[in-house]
Amino acid sequence: MTEATDGSIDTVLVKAARLSNEGRPRAAIAMLESALEVDPDHPVVWCRLSAAYLDIGEARESLDAAKQAMVLGGPAWAHRLASLALVELGRHDEAVVTAAEAVRRDPDDWRSLVALSEALTHDQPEQAVMAARAAIDRAPEEARAHEVLGDAAMLAHDWMLAENAYRDAAHLDPTNQNVAAKLERVVNRPGDDPRRRRRPVRTRGVSPKFERPHRVAWYVAVRRPTRWLAGGSLVLFATSPPPRLAFLGIALFLLVAVLAWRAWVGLPDGSRMSLSALYAKLPLAVAGGVATLASAAALLSWTATAALDAPVRALSGVALGCALVSLAVTWLGLRRMWKR
């Protein structure tokens, strides 16, 4: 590979990293895939592609890219990315082996130890605590290392350690709402049960983890029926159909209801929880869902007035506006998640 090509690849890597930081991982993926057509043997490009796929919740594609980087002799980063993808896929034993290899290749990198802790948490929480402590020893200023220690301590039933770890993470990153929610749960655990120090605390509903795929699934579940609701409301608002076509409102409402039900049924395990718990994790998804319900209510109201031969055009406008608000709020939530 020529020096000029090296320079162009480095430029692509910088631009792709900037796109990911701006919340545009798909644009980064397109740029990286174009670069790989020119130089398919560049392991760092494969690593960056793997990270971008993780950002959008496509763990299988991320794993394939990380494996390609490892085949090409990529850095420890490739093994760390592969471990994260394997955890997302539920293949924890393989994730432990891959993360351990990342630590062996670069024992001073705290991120590899964090990946190892996350991989161990599922079956060996005590070992996960040790790995997270080692990560903090190497990078005490990193909030993520303290958060992972708290997660491992929760599953190891060490409530005091979990509380201290979450407090340290919240101090280092006060804007992280996920850490704040975890800290609140461990602080407010039941106090009238003498066995509470020996009983596991469920902080994530049915599943022990509420990670990126669950978040993406919720945003998609809200957005999918809302897009149809927004499109249909726009048609009703723009055309002002005669009263005899009031059944169009009913048809649109039923379609949206079916799509919403299918989205609910299709949520991955561990995603369904109480409204208050979901709001603590994904407030923007809940806000989008409320806006969608308001839009559907306005649509029903328009249908009722149209059936009485007195359609109120403003109601279709309200339905359209609420649907657009829902789409905007959920888009903002996805963008923030990708940037993070």
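Scanning segment 50-60 finds no residues that are at pLDDT 85 or above and more than 30 Å from residue 333 (Cα to Cα).
When segment 255-301 is filtered for residues that are assigned to a loop (DSSP other than H, G, I, E, B), without any contact (Cβ under 8 Å) to a residue 12 or more places away in the chain and within 13 Å of residue 220 (Cα to Cα), nothing remains.
Does at least one position in segment 85-104 carry a residue that is open to solvent by less than 30 Å² (accessible area, probe 1.4 Å) and either aromatic (Phe, Trp, Tyr) or outside any helix (DSSP H, G or I) (or both)? No, that holds for no residue. Among the conditions (1) among the charged types (D, E, K, R); (2) open to solvent by 60 Å² or more (accessible area, probe 1.4 Å); (3) at pLDDT 90 or above, the only one that residue 147 does not satisfy is (2). When you go through (1) open to solvent by 20 Å² or more (accessible area, probe 1.4 Å); (2) at pLDDT 90 or above one by one for residue 135, which number turns out not to apply? That leaves (1) as the condition not met. Within segment 274-300, the set of residues being buried (at least 17 other Cβ atoms within 10 Å of the Cβ), small (Gly, Ala, Ser) and more than 14 Å from residue 234 (Cβ to Cβ) comprises 280, 285, 287, 288, 289, 291, 294, 296.
Inside segment 309-329, residues that are over 26 Å from the mean Cα position of the chain (by Cα), open to solvent by 30 Å² or more (accessible area, probe 1.4 Å) and touching a residue at least 40 places away in the same chain (Cβ under 8 Å) make up a count of 4.
Of the residues making up segment 13-48, just one is open to solvent by less than 50 Å² (accessible area, probe 1.4 Å), touching a residue at least 60 places away in the same chain (Cβ under 8 Å) and not in a helix (DSSP H, G or I), namely 23. Note on segment 71-83: among residues that are over 23 Å from the mean Cα position of the chain (by Cα) and either in a loop (DSSP other than H, G, I, E, B) or surrounded by 23 or more Cβ atoms within 10 Å (Cβ to Cβ) (or both), the one that is modelled with the lowest pLDDT is 74.
The values are calculated or read from the model by the stated rules, or taken from the named source; none is laboratory data. Please read these numbers as outputs of a predicted model, since none were measured by experiment. FYI the Cβ positions are ideal-geometry reconstructions off the backbone, even for glycines, and counts take in every protein chain you see. Note: areas computed on protein heavy atoms with side chains; ligands, DNA, RNA excluded. Shrake-Rupley method; radii C 1.70, N 1.55, O 1.52, S 1.80 Å.
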